[in-house]
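Reading through the structure tokens given below for one structure.
Derivation of every value follows stated rules applied to the coordinates shown; laboratory data play no part. Since the structure is predicted, the reported quantities are computational estimates derived from the model, not experimental observations. In this analysis, Cβ positions are derived from the backbone assuming ideal geometry, glycine residues included, and neighbour counts consider all displayed protein chains.
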Amino acid sequence: MQIAEITIEPRKQARHIWRELWLYRELLFFMAWRDLIVRYKQTVIGIAWSLLRPIITMVILTLVFGKLAKLPSGEVPYPLLVYAAMLPWQFFSNTFSVSANSLVSNSNMISKTYFPRIILPTTAMLTSLVDFLIAFSIYILMMFWYGVYPDWRIVVLPLLMILASLASLGAGFFVSALNVTYRDFRIVVPFIVQFGLYLSPVGFSSNVVPEKWRLLYSLNPMVGVIDGFRWALLGGEVKLYMPGFILSTCLSLLIFLLGIRFFYRSERTFADII
Amino acid sequence: MTYALTTEKIGKSYTIGHMRRKHTLNLREVLAKNARSLVQRLRHPLSSNRELFDIEEFWALRDINLKVTPGERVGLIGRNGAGKSTLLKILSRITEPTTGRARLYGRVSALLQVGTGFHPELTGRENIFLNGAVLGMGRREIQGKFDEIVAFSEVEQFLDTPVKRYSSGMYVRLAFAVAAHLDPEILLVDEVLAVGDIDFQKKCLGRMNTVADQGRTILFVSHNMAAISRLCNRVVLLDKGRIIQEGDPETIIQAYFAQGEQSSGLLVLKPENKPGAQIEEIGIANEDEQFSSSVKVHRDFFLHLRFRVHEKLDQARVAISVLTQDGTTVFVTMHTDENPGEKRELLPGDYRARVRVPAHFLNVGTYSLNVQIIGRRPGYGRVKLDHAQQALNFRVEQTGTISLEVNASRPGVVTPILSWSLEQ
């Protein structure tokens with residue numbers, strides 16, 4: 001690209017990473033666009049899958065936790081409680097699981113062309129963001145149906161999305177780089193996502209967690225994001241457990257920074273061992 | 001002196017053994033290894049744990065010093081495994097050198113494979129944009145050149161068809177068309193002309209010439225000596241990871257062929273643990289069944305092949321192609337040619353093949369051999385199991401003692417003696 005002079009040395013410092021990412025930003029969007037188009041090629045109902053998946057999951061979680069286990073939801077209708085949490089959770093799990101495989105499934109590109117490798121796991125976040133927006137349109141309909149309207153707090157939602165992005169990207173960077181050498185992570189990731197759904201307060205409110213365990217529970221970075229989403233979307237009644245939220249936020253940032261660092265350190269050998 | 005590209009003592013080492021296992025290395029093995037090495041280190045704190053890891057260093061490139069001025073067209077030649085592609089991969093920043101340093105001044109594009117990033121489900125139109133982006137073109141740039149690209153590729157009609165329904169020729173044409181419209185100051189090209197039919201190859205070469213005439217710097221790896229000599233104004237000969245000679249194309253290409261002639265006419269290949277089947281030896285033998293890289297035009301000679309089959313193969317096909325110096329295939333012969341109806345199954349074991357090539361068939365000149373083994377492996381379908389490209393060079397020579405009829409200066413790839421009926 002337009003970098004006028006390139007020096008190639010062993011163990012070069014990743015100095016230009018941000019500028020380079022900027023130069024290659026179009027590739028990032030093209031890759032996301034490709035993945036979106038390809039995903040629903042030769043499917044009958046196409047993009048409707050992006051709507052069906054969260055709805056079905058929401059119905060099942062509502063039945064299991066709300067109806068069978070009869071967990072409390074405060075004043076909020078249970079489906080709404082679940083769906084407000086499903087939005088960030090699906091965003092996280094999609095980003096995480098797709099980015100984890102992104103390097104391996106594009107191994108040909110890695111061994112035959114140069115581009116900032118970090119684009120590949122980042123692409124997953126963009127496609128998940130599109131899914132998120134589609135799923136969010138359902139939330140708007142549900143909001144009118146149940147008559148629960150958010151107040152001023154909804155302006156915090158973009159910040160919470162950034163937080164969710166940082167956590168999922170950080171984890172994605174880690175695992176995608178590890179996956180290049182150890183394909184074990186191909187098997188581990190679906191497990192993490194599966195358990196994560198039950199370990200995170202998606203099907204239930206985190207208020208059911210006993211007070212003394214709340215801080216410990218917040219070690220899961222998604223706890224902060226999900227609680228934040230409910231706080232921002234569900235209106236006045238919902239309280240935010242601040243110490244836990246701060247802990248989750250700090251952890252998300254930490255995961256992101258460590259993830260990037262790890263990714264750039266492993267990047268050098270990708271083409272040789274993939 | 002301004003340069004477009006310089007390298008100082010570039011070297012690349014791989015740790016083989018370690019490398020080969022990495023694909024199957026799983027976490028458990030690593031943990032086990034680390035535990036073992038820890039125990040070892042506790043017992044013998046001073047000894048290194050190298051032997052434990054079974055590391056063998058292999059230098060794919062060593063001390064490469066290269067200076068290229070802007071507008072130069074440099075050809076990189078050498079036999080398989082000489083390090084040409086590794087050098088291009090380092091220069092295009094795909095992989096890092098182990099030692100040394102390289103500097104490139106200007107916008108670089110690398111074309112190591114046509115159609116990188118092509119997605120089979122996407123249409124031709126969509127793939128043009130995607131592939132362009134992968135190669136470093138912006139959306140505007142691609143839009144601006146879109147019509148040119150389409151015209152070059154000759155696939156207008158199928159632009160909105162997914163490329164998975166393309167013929168392989170169409171696929172390659174489209175892929176090359178995108179690459180051909182790159183606009184870099186330094187272009188690194190690896191053997192991409194070896195695809196497509198003759199007409200298209202000519203078109204590609206023509207395009208490369210145009211690019212070169214615009215004063216771009218080109219680094220070009222190929223086995224196609226005709227293309228190299230037409231395109232390049234300097235040639236670098238690599239062998240076993242080192243530069244052994246560089247200079248004007250004529251001299252260096254001669255040296256490259258001489259390198260081949262010095263060989264005994266028998267090439268023994270490194271065992272590589274390939275699945276299914278493996279080529280072990282490729283050779284040329286004269287009519288007395290002595291290996292020799294030079295045979296006589298008026299005598300029969302033999303193509304020799306040894307290979308090993310590791311597992312039972314169905315629908316197997318062992319093929320040898322004879323190519324002229326410029327890469328044109330003279331003929332392809334297969335082990336199934338004489339009995340096409342047979343079940344074509346190869347049982348595990350060692351095989352030796354001899355193919356008699358009749359006298360007065362190949363004309364005087366230098367040729368090379370391609371070998372490939374194809375077969376159906378359970379669970380993989382019919383795949384190419386092993387191949388060797390332009391692995392062995394040999395010369396067919398004029399003897400001049402017998403047969404005055406066969407004239408040394410007669411042109412043509414083949415020189416058959418045909419029967420005439422002459423009437424008046």
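Taking other C-beta atoms within 10 angstrom as a stand-in for reagent exposure, A:104, B:309 fall in the order A:104, B:309, fewest first.
With both residues required to sit in the protein assembly as shown, DSSP beta bridges show an antiparallel share near 80%.
At 7 Å along the Cα-to-beta-carbon direction for both residue B:168 and residue B:315, put a label point, then send me their distance in nm to one decimal. Calculated label separation equals 1.4 nm.
Under 5 Å between amide hydrogens, built in the peptide plane, is the criterion, and for residue B:300 it picks out B:359 among residues at least 5 positions away or on other chains. With Cα atoms defining each centre, segment B:321-346 and segment B:83-141 are spaced 34 Å apart in the structure. Radius of gyration over Kirkwood radius for the protein assembly as shown, both on Cα atoms: the Rg/Rh ratio is 1.05. Pairs from the list A:112/B:67; B:274/B:312; A:41/A:67; B:145/B:202 with a Cα-Cα gap above 26 Å: A:41/A:67. Relative contact order for segment A:76-176: what is it in percent, counting Cα pairs under 8 Å that are at least 6 residues apart? Averaging sequence separation for qualifying contacts and normalising by length gives 49 percent for segment A:76-176.
Peptide packing: for A:183-192, B:91-100, B:280-289, B:317-326, the average count of neighbouring Cβ atoms within 10 Å per residue gives the ranking B:91-100, B:317-326, B:280-289, A:183-192, highest mean first. Applied to segment B:172-181, the Karplus parametrisation 6.51 cos²θ - 1.76 cosθ + 1.60 on θ = phi - 60° returns per-residue 3J(HN,Hα) values of 5, 4, 5, 4, 5, 4, 5, 4, 5, 9 Hz, with x for Gly and Pro. Phi angles across segment A:93-109 convert, under the Karplus curve 6.51 cos²θ - 1.76 cosθ + 1.60 with θ = phi - 60°, into 3J(HN,Hα) values of 5, 5, 4, 5, 6, 6, 5, 4, 9, 5, 6, 5, 6, 10, 4, 4, 5 Hz, Gly and Pro given as x. Sequence-ordered 3J(HN,Hα) estimates for segment B:211-219 from the Karplus curve with 6.51, -1.76 and 1.60 and θ = phi - 60° stand at 4, 5, 5, 7, x, 7, 8, 10, 10 Hz, glycine and proline given as x. Mean sequence separation of contacting Cα pairs (under 8 Å, at least six apart), scaled by the length of segment B:266-408, corresponds to a relative contact order of 28 percent. Peptide packing: for A:151-163, B:352-364, A:85-97, B:175-187, the average count of neighbouring Cβ atoms within 10 Å per residue gives the ranking A:85-97, B:175-187, B:352-364, A:151-163, highest mean first. The gain in end-to-end length when the residue B:63 to residue B:101 segment is fully stretched comes to 12.7 nm, 0.36 nm per residue minus the alpha carbon separation.
Mean-square fluctuations from a GNM of chain A, with a 10 angstrom spring cutoff on Cα atoms, peak among A:73, A:168, A:107 at A:107. FRET efficiency for the pair residue A:19 and residue B:356, taken as 1/(1 + (r/R0)^6) with r the Cβ-Cβ distance and R0 = 51 Å, rounds to 0.20. DSSP assigns beta bridges within segment B:63-260; of those with both partners inside it, close to 25 percent run antiparallel.
Counting only other chain Cβ atoms within 10 Å of each residue's Cβ, the peptide A:26-33 averages 5. Around the amide H of residue B:95, modelled in the peptide plane, lie the amide H atoms of B:90, all under 5 Å away and 5 or more residues distant in sequence or on another chain.
Put simply, the amide H of residue B:392, placed in the peptide plane, has neighbours under 5 Å in B:369, leaving out anything fewer than 5 places away on its chain.
Cβ crowding within 10 Å, taken as a proxy for footprinting-reagent exposure, orders B:89, A:70 from fewest neighbours to most as A:70, B:89. Here each label is just a point 7 Å from Cα along the line to Cβ, and for residue B:13 and residue B:214 those points are 4.2 nm apart. The relative contact order of chain B, computed from alpha carbon pairs under 8 Å that lie at least 6 residues apart in sequence, is 14 percent.
The modelled label-to-label distance between residue B:159 and residue A:63, using points 7 Å beyond Cα along the C-beta direction, is 4.9 nm.
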